[in-house]
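For reference, the structure discussed in these notes is given below.
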Amino acid sequence: VHARRVRVSWLSWRDRVAVLVGLLAPFVVCLTLVPFRSGLPNTDAALVLVAAVVAVAANGHRLAGLLAAVSAAVWFDFYLTAPYERFSITHRSDIETTVLLVAVGAAVTELAVRGRRSRVLAQTDAAYLDAIESTSLLAESGVGTPQLTDHVAATLTTLLGLRGCRFEANRFGGLPRLRPDGRLWLGKREWDLDEYGMPDREIELLVSLRGQSPHGHFLLDPVAGVVPSLAARRCASILAGQIAAALGDRSRAA
């Protein structure tokens, strides 16, 4: 959940399914209601269609929800308003119901998208905090340096969507560098991560505290085109700082 891939199809397979369901679900609902349309008030039929739109919007995909709202209005007009099976509405009340169907569907979709986004953010923030806490507890437990750095390397691999990651003590420099502010620099030039994603080459993340010499670096093996979020990149720097603090304490204690 922490990294995404750039320059891919504008819709993933899951998104395509959501869009297809958004288009077809109201159509199927309207066909189901056709045998009952003579005795079913149009307002009741509209409520059933709203329920279908809500079911699609609950997926949290804005395009699918909006298409479901439009599809519901179109097929409501075609199948459930007189004259039947024509794209024509003669009664003012039916026009108002159709407009409200679209408006309510769009509003429900927006609420669902925001709700899903809030859930994702909450889950992501919890994952970052868990990574920081687990590293802190492991450092305090007194485990060996290899176990501690291996733990952080595995965490960084997940956090940044890497192929792999390893720690190298007392080595750094000569590679693209992920800085504490989350920006990536290739020499004196900043690499636009949001535009190009991760480069197809190794990256270093210094294990150092501000103003102190590095203890080494984590060597990151990225997947080209993947974009770790800015929060994930900054969290990675915090983890590297935790390792630097732990190594510094152990060096002084020795």
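Points to keep in mind about this one:
- Whole-Hz couplings from phi, Karplus 6.51/-1.76/1.60, listed for the stretch 34-51; x for Gly and Pro: 3, x, 10, 5, 5, x, 9, x, 4, 5, 5, 4, 5, 5, 4, 5, 4, 4
- Solvent-accessible area per residue in the stretch 28-84 equals 43 Å², computed with a 1.4 angstrom probe and all protein chains kept.
- Reducing the stretch 96-134 and the stretch 43-58 to their Cα centroids gives an inter-centroid distance of 19 Å.
- Binned Cα-Cα distances of the stretch 103-227, short to long, each 5 Å bin given as a whole percent: 2, 10, 15, 19, 18, 13, 9, 6, 4, 3, 2, 1, 0
- Each Cα pair under 8 Å and six or more residues apart adds its separation to the average, and for the stretch 120-207 the resulting relative contact order is 18 percent.
- Residues of the stretch 39-70 falling in the label zone of THR90, defined by backbone nitrogen less than 17 Å from a point 7 Å along Cα to beta-carbon, are 39, 42.
- Amide H contacts under 5 Å for GLY216, placed H, 5+ residues apart: ASN170, ARG171, VAL207
- Between helix 62-80 and the chain: long-axis angle, C-alpha atoms, 0 to 90°, nearest 10: 10
- Rounded tilt (10° steps) of 230-253 against the dominant C-alpha axis of the chain: 20
- Protection proxy ranking of 154-160, 90-96 - average other beta-carbon atoms within 10 Å, highest first: 154-160, 90-96
- Each Cα pair under 8 Å and six or more residues apart adds its separation to the average, and for the chain the resulting relative contact order is 19 percent.
- Treating each Cα of the chain as one equal point scatterer and applying the Debye formula with no solvent, the log10 of I(q)/I(0) at q = 0.11 Å⁻¹ comes out as -0.70.
- Using alpha-carbon coordinates, inclination of helix 92-140 to the longest axis of the chain, degrees: 20
- Across the accessible surface of the chain, with the other protein chains kept in place and a 1.4 Å probe, carbon and sulfur atoms take up 60 percent.
- Between the C-alpha center of the stretch 150-173 and that of the stretch 233-251 there is a gap of 12 Å.
- For the stretch 96-182, the solvent-accessible area of protein heavy atoms averages 57 Å² per residue (probe radius 1.4 Å; ligands and nucleic acids excluded).
- Taking amide H atoms as placed 1.01 Å from N in the peptide plane, the amide H of VAL227 lies under 5 Å from those of ARG4, ARG5, VAL6, MET198, each 5 or more residues away in sequence or on another chain.
The values are calculated or read from the model by the stated rules, or taken from the named source; none is laboratory data. All of these numbers come straight from a predicted model, not from anything done at the bench. All Cβ positions, glycine included, derive from the backbone under ideal geometry; neighbour counts span all protein chains shown. We work out accessible area using only protein heavy atoms, side chains counted, and drop any ligands, DNA or RNA first. Shrake-Rupley method; radii C 1.70, N 1.55, O 1.52, S 1.80 Å.
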